[in-house]
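The values are calculated or read from the model by the stated rules, or taken from the named source; none is laboratory data. Because the structure is predicted, anything quoted here is derived from the model rather than measured. Methodologically, a virtual Cβ is constructed for each residue, glycine included, from the backbone with ideal geometry; neighbour enumeration extends over all protein chains shown.
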Amino acid sequence: MAHLVPRDPESDAGGGGAERVVWEALRDQLPDDVVVFVNLLLLDGPDEREVDALVAWPDVGLCVVEVKGGHVARRDGQWVQGSGTRAHEIDPVFQARRARHTVRDLLRRHGLGAWRARAADLVVLPHTHVPAWWESASSPVGTVAGRADLPHLAGLVKRAIDVHGTGNAPLAVEDVGPLVDFLAGAFPSQVEVLATAAQFEDRVEQMTQDQARMLDTLRSFERLRIIGGAGSGKTWLALEQARRRAAAGERVALVCYSRGLGRYLERITATWPVKQRPAFVGLFHDLPLQWGAAPGSDDDADYYERRLPLELAELADARDERERFDCVVVDEAQDFSDLWWPSLVRCLRDREAGGLWVFMDEDQRIFDRDGSAPITLPPVRLDENLRSTKQIAQCFGSFGTSRVKPRGAAGAPVRLVDVPADAAVKTADVVVDALLDEGWQPGQIALLTTGRRHPEQVNAVDMGGHAVYWDRFFAGEDVFYGHVLGFKGLERTVVVLVANGFRDAERARSMLYTGLSRARVLLVLVGPRGEVERIGGDGVRSRLRHASPWSVEGDDDD
């Protein structure tokens, strides 16, 4: 059975299923090492060429297959499709021949060895009877197949290549892989992918800002939980809510847990007019430090999980009321443990009715802690993903527990590089180089690990400290090397997620969900496919069938 690219082609409902009948026959009849490209769209300068099927047969050659469904006839030297008033002239032989020339020209211009292979074309009319003896000056016997030929279509393909193929030699086995890599990514072209990425990013920001209308509807609530999946615009809404409350004259605190997200919130709010800026912006841990708590060691879990939140409560009680807050806005609130919430409430001027807005995603509980905000009202749920392409949203959504509707534009397939976990980091470095070669800018790419940190991340933090490390990320000039745990609430145009192991097996699913959801336009998953599917289950296994397997040079061990 031949391999189809894509694996599950869309059916041509408008053509009565003619194309499906043909490519299913090719798939079932051709040998296992043959690749059949279905519905292939090629860009040749300003022109587009659509190829119904392209057969790549190792040790034989290439064959373009043009399919015409319905009633097709030959009258007075002209092809006609349809009947009665709906009959119209066509030229399937010319279409097939032109497509064959386009394929060979593209392969030659891109330096692929497959361009030298013998290449032929075949017209298939699956709903029309074509006599076995039929031929014309431009179509020798066997180059136009009909309904009766479907059971032996593979033989006609081979005969067309052997007898009528142009070219110097059979298709070399070693040329098939590069051919698949090229044609599987031929549409959209890389130039179009990059252009579409810029257009999509602008659209993402507009869709996210449109959610401000929701805050208008909810403005009368003092305490509210807003729950949404990755990419639903929670961080933007948290920022906007903090800005609105501050602009109304309230003293506001905008807090989170992760350093990277905290720095992002600081940088964004610093661009606002002074009267719209919250009184405090940053990490939850920094608030007690600002109020006089002694700093602790990064590796002292008891300090951050118990002593510091308890001390915040004492410090809040001792503060003048003018220094406490009218409203606290919390982003990524699922990171906060139960011990922190009472202390946070003590920071409010009105502890019973003061403003408390929390934004959270239950599927991103990637830390070993659980907490619940003291809010009794039912949550408001965001059920649309705005910030990722449909392919990315569907991929990471299969790891989540709630159903999220992808509203992003269609984009490139998720790419999958199947390698063992212990080889994932090394392979990911090669992937980054390949992405740069494709034309992606360094500042568009983030490489995130799930297990050990990438050596580049370790060096960057050791050399410059966390502040410099995160400022380099926001500068957007270089490839960013990070870890899923520290990248919550942040995004990049392209994310290379490196599944190089998990410290906590129970949270592996949440780690993958979080890491995959950080990509807006292109997602590359590097790691053991089998392990990812085992963690994700049937839903993930189904989605990964639509991923594009990617083999990058240099991913093998030296």
Exercise. Can you list the strands (runs of 3 or more DSSP E) found entirely within the stretch 46-87 that contain at least 3 residues being out of contact with any Gly (no Cβ under 9 Å at 6 or more places or on another chain) and under 28 Å from Gln29 (Cα atoms)?
Worked result: 47-57, 61-67
Exercise. Among the candidates Leu150, Leu122, Leu156, which residue alone is assigned by TED's automatic domain parsing to the domain that holds Val34, in a strand (DSSP E or B), surrounded by 13 or more Cβ atoms within 10 Å (Cβ to Cβ) and not polar (S, T, N, Q)?
Worked result: Leu122
Exercise. What do you reckon, is Phe221 at pLDDT 90 or above and closer than 27 Å to Val380 by Cβ?
Worked result: no
For this session: Would you check if there is a residue in the stretch 535-546 being within 17 Å of Ile445 (Cβ to Cβ) and out of contact with any Pro (no Cβ under 8 Å at 6 or more places or on another chain)?
Result: no
Seminar exercise, completed: Sole miss for Gly411 among (1) free of Cβ contacts under 8 Å to residues at least 24 places away in the same chain; (2) surrounded by 20 or more Cβ atoms within 10 Å (Cβ to Cβ) is condition (1)
For this session: Just name the residue that is modelled with the highest pLDDT out of those in the stretch 125-147 that are outside any strand (DSSP E or B) and either more than 24 Å from Ala73 (Cβ to Cβ) or touching a Phe, Trp or Tyr at 6+ places or on another chain (Cβ under 9 Å) (or both).
Result: Gly146
Exercise. Within the stretch 309-366, which residues are acidic (Asp, Glu) and in contact with an Asp or Glu (Cβ under 8 Å, 6 or more places away or on another chain)?
Worked result: Asp326, Glu332, Asp338, Asp350, Asp361
Problem set entry | Test result for Ala117, in the same structural domain as Asn39 (by TED's automatic domain parsing), of a type in the set (Gly, Ala, Ser) and in contact with a Gly (Cβ under 6 Å, 6 or more places away or on another chain) | yes
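Rundown of residues vs (1) touching an Asp or Glu at 6+ places or on another chain (Cβ under 7 Å); (2) over 16 Å from Cys395 (Cα atoms), yes/no style:
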| residue | (1), (2) |
| --- | --- |
| Arg452 | no, yes |
| Asp462 | no, yes |
| Arg472 | yes, yes |
| Gly476 | no, yes |
| Val495 | no, no |
| Val498 | no, no |
| Thr514 | no, no |
| Arg541 | yes, no |
For this session: Quickly run through the stretch 510-553 and pick out the residues that are charged (D, E, K, R) and modelled with pLDDT under 85.
Result: Asp538, Arg541, Arg543, Arg545, Glu553
Exercise. If you check Leu43, Leu54, Leu62, which single one turns out to be modelled with pLDDT under 85 and surrounded by 16 or more Cβ atoms within 10 Å (Cβ to Cβ)?
Worked result: Leu43
Exercise. Only one of Gly482, Gly465 is outside the structural domain of Asp361 (by TED's automatic domain parsing) and not in a strand (DSSP E or B); which?
Worked result: Gly465
Problem set entry | Test: Asp28 is surrounded by fewer than 18 Cβ atoms within 10 Å (Cβ to Cβ), assigned by TED's automatic domain parsing to the domain that holds Asn168 and within 35 Å of the chain's Cα centre (by Cα) | yes
Exercise. Of the residues that make up the stretch 112-131, is at least one over 29 Å from Phe182 (Cβ atoms), in contact with a Lys or Arg (Cβ under 9 Å, 6 or more places away or on another chain) and of a type in the set (Phe, Trp, Tyr)?
Worked result: no
For this session: Would you point out the residue of the stretch 68-97, among those that are among the β-branched types (Val, Ile, Thr) and surrounded by fewer than 19 Cβ atoms within 10 Å (Cβ to Cβ), that is nearest to Leu40 (Cα to Cα)?
Result: Val93
Exercise. What are the residues in the stretch 500-524 that are of a type in the set (Gly, Ala, Ser), part of a helix (DSSP H, G or I) and more than 19 Å from Pro413 (Cβ to Cβ), if any?
Worked result: Ala505, Ala508, Ser510
Exercise. Which one of the conditions (1) at pLDDT below 85; (2) within 18 Å of Val526 (Cα to Cα) does Phe367 fail to meet, given that it meets all the rest?
Worked result: (2)
Problem set entry | Sole residue being under 25 Å from Tyr257 (Cα atoms), in contact (Cβ under 8 Å) with a residue 12 or more places away in the chain, part of a loop (DSSP other than H, G, I, E, B) and out of contact with any His (no Cβ under 9 Å at 6 or more places or on another chain), chosen from Leu490, Leu497 | Leu490
Exercise. Counting just the residues of the stretch 135-144 that are surrounded by fewer than 24 Cβ atoms within 10 Å (Cβ to Cβ) and free of Cβ contacts under 8 Å to residues at least 60 places away in the same chain, which one comes out nearest to Pro178 (Cα to Cα)?
Worked result: Thr143
Problem set entry | Residue among Val93, Val163 that alone is assigned to a helix (DSSP H, G or I), over 28 Å from Ser548 (Cβ atoms), modelled with pLDDT of 90 or more and under 42 Å from the mean Cα position of the chain (by Cα) | Val93
Problem set entry | Residue ranges of helices (runs of 4 or more DSSP H) in the stretch 242-353 with at least 2 members more than 22 Å from Ile375 (Cβ to Cβ) and not aromatic (Phe, Trp, Tyr) | 259-269, 286-290, 308-318
For this session: Among the candidates Ala301, Ala294, single out the residue that is surrounded by fewer than 11 Cβ atoms within 10 Å (Cβ to Cβ) and more than 27 Å from Glu222 (Cβ to Cβ).
Result: Ala294
Problem set entry | Cross-chain or 6+ apart pairs with Cβ under 8 Å, the stretch 267-284 first and assigned by TED's automatic domain parsing to the domain that holds Gly249, then among the acidic types (Asp, Glu) and part of a helix (DSSP H, G or I) | Val281/Glu266; Gly282/Glu266
For this session: Tell me, yes or no, whether the stretch 405-416 has at least one residue that is part of a helix (DSSP H, G or I), touching a Phe, Trp or Tyr at 6+ places or on another chain (Cβ under 9 Å) and either modelled with pLDDT of 90 or more or aromatic (Phe, Trp, Tyr) (or both).
Result: no
